[in-house]
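The values are calculated or read from the model by the stated rules, or taken from the named source; none is laboratory data. This structure is a prediction, so every number in the text was calculated from the model and none was measured. FYI the Cβ positions are ideal-geometry reconstructions off the backbone, even for glycines, and counts take in every protein chain you see.
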Amino acid sequence: MNTELVTVDIGGTHARFAMAEVSADGSITLGEPATLHTKDHASFQTAWEDFARQQGGTLPPNVAIAVAGPVGGEVIRFTNNPWIIRPALIPEKLGASRHTLVNDFGAVGHAVARAGVDHFVHLAGPDEPLPAQGTLSIVGPGTGLGVAHVWRDGAGQYRVQATEGGHIDFAPLDSIEDAVLARLRQRYRRVSVERVVSGPGIVDIYEALAALEGRAIQPLDDRTLWQLGTSGEDSLAAAAVDRFCLSLGAVAGDIALAQGASGVVIAGGLGLRIKDTLLQSGFASRFRAKGRFEGLMAALPVKLITHPQPGLFGAAAAFAAEHLA
């Protein structure tokens with residue numbers, strides 16, 4: 001018997017909704033997603049009602065929600081929007097007889113575990129499928145830096161662990177990264193990898209490079225710098241993008257070592273947008289450059305997940321794992 005549900009992925013700027021169906025064999029089908037701006041809705045409840053109207057007014061009583069933040073506690077608050085969710089009130093407010101709440105990067109972990117091989121692009125290491133057994137480390141640059149891991153038993157079962165690995169200390173590996181760290185330390189007492197390896201981090205990388213060359217610093221936002229850098233329109237912005245890719249490779253390698261990974265997946269909206277740049281960058285060499293463990297790192301397959309809606313798909317997979325397994 002197939003199960004219908006609503007799957008939701010809530011971030012700071014956008015809330016994405018979709019209908020989903022889990023078939024009797026466990027496969028998941030997503031409907032066309034609807035993307036709502038959080039600033040346009042007073043609460044999650046009004047956004048939910050907006051989506052319900054788009055679907056003809058009636059929604060199934062099964063709900064999966066991925067949220068950008070911790071899911072424990074009596075109240076879930078969001079960093080970049082004023083919404084709150086009270087988990088205890090979900091059955092009453094949403095008419096849900098069954099629901100699942102999952103961290104957004106936990107949802108990405110479920111997506112990595114369930115997505116087909118056609119949803120992955122090879123980045124580094126042996127060009128072979130991700131191993132069916134062992135730990136897969138997941139690193140996702142976006143507005144922040146998401147980190148999770150998935151353990152698979154080789155027989156189709158898996159476990160997902162979301163983490164706060166994006167907040168480990170940033171470790172510079174050369175004089176240029178020393179300059180980036182020094183610049184960030186002027187504003188932050190402690191500099192985490194998220195300050196560098198995230199979408200907004202490109203601004204500090206760019207400004208540090210400009211200072212090294214004695215250039216006047218142009219006050220450009222991160223979106224502009226990514227466009228200028230990936231298109232090659234601005235050579236200094238392009239250098240900043242290259243430097244970002246190096247740092248991402250180093251951080252992904254550190255996470256893989258710490259988690260005992262047998263494979264690595266790069267996720268996050270930014271990773272997908274710069275796919276072609278990553279393939280041509282020094283990402284792979286920095287990922288491998290772990291001294292005595294360079295041989296071990298070279299043997300790990302590293303992929304980029306290209307699923308268009310990993311948060312929605314993963315939230316639905318988390319619901320299936322909790323309620324339909």
Report task. Would you mind finding the one in Arg152, Arg159 that is under 23 Å from the mean Cα position of the chain (by Cα), outside any loop (DSSP other than H, G, I, E, B) and without any contact (Cβ under 8 Å) to a residue 12 or more places away in the chain? Result -> Arg159
Report summary line: For segment 116-131 the number of residues that are modelled with pLDDT of 95 or more and among the small types (Gly, Ala, Ser) is 2
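Those residues that are of a type in the set (Ser, Thr, Tyr), without any contact (Cβ under 8 Å) to a residue 12 or more places away in the chain and in a helix (DSSP H, G or I), I need them from segment 31-70; list them, please.
Thr46
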Report task. Check segment 71-83 and report whether any residue there is more than 15 Å from Phe17 (Cα to Cα) and part of a strand (DSSP E or B). Result -> yes
Report summary line: For segment 53-81, the count of residues that are touching a His at 6+ places or on another chain (Cβ under 7 Å) and at pLDDT below 85 equals 0
**Report entry** Residues of segment 35-73 satisfying the condition of being among the β-branched types (Val, Ile, Thr) and surrounded by 15 or more Cβ atoms within 10 Å (Cβ to Cβ)
**Finding:** Thr38, Val63, Ile65, Val67, Val71
Query - Count of segment 116-160 residues which are crowded, with 20+ Cβ neighbours inside 10 Å and among the small types (Gly, Ala, Ser) - result: 7
Query raised in the report: If Ala298 passes every condition in (1) touching a residue at least 60 places away in the same chain (Cβ under 8 Å); (2) under 30 Å from His14 (Cβ atoms) but one, which one does it miss?
Result: (2)
Requested in this report: Take segment 90-99 and flag every residue that is assigned to a helix (DSSP H, G or I) and over 20 Å from Leu36 (Cβ atoms).
Outcome: Pro91, Glu92
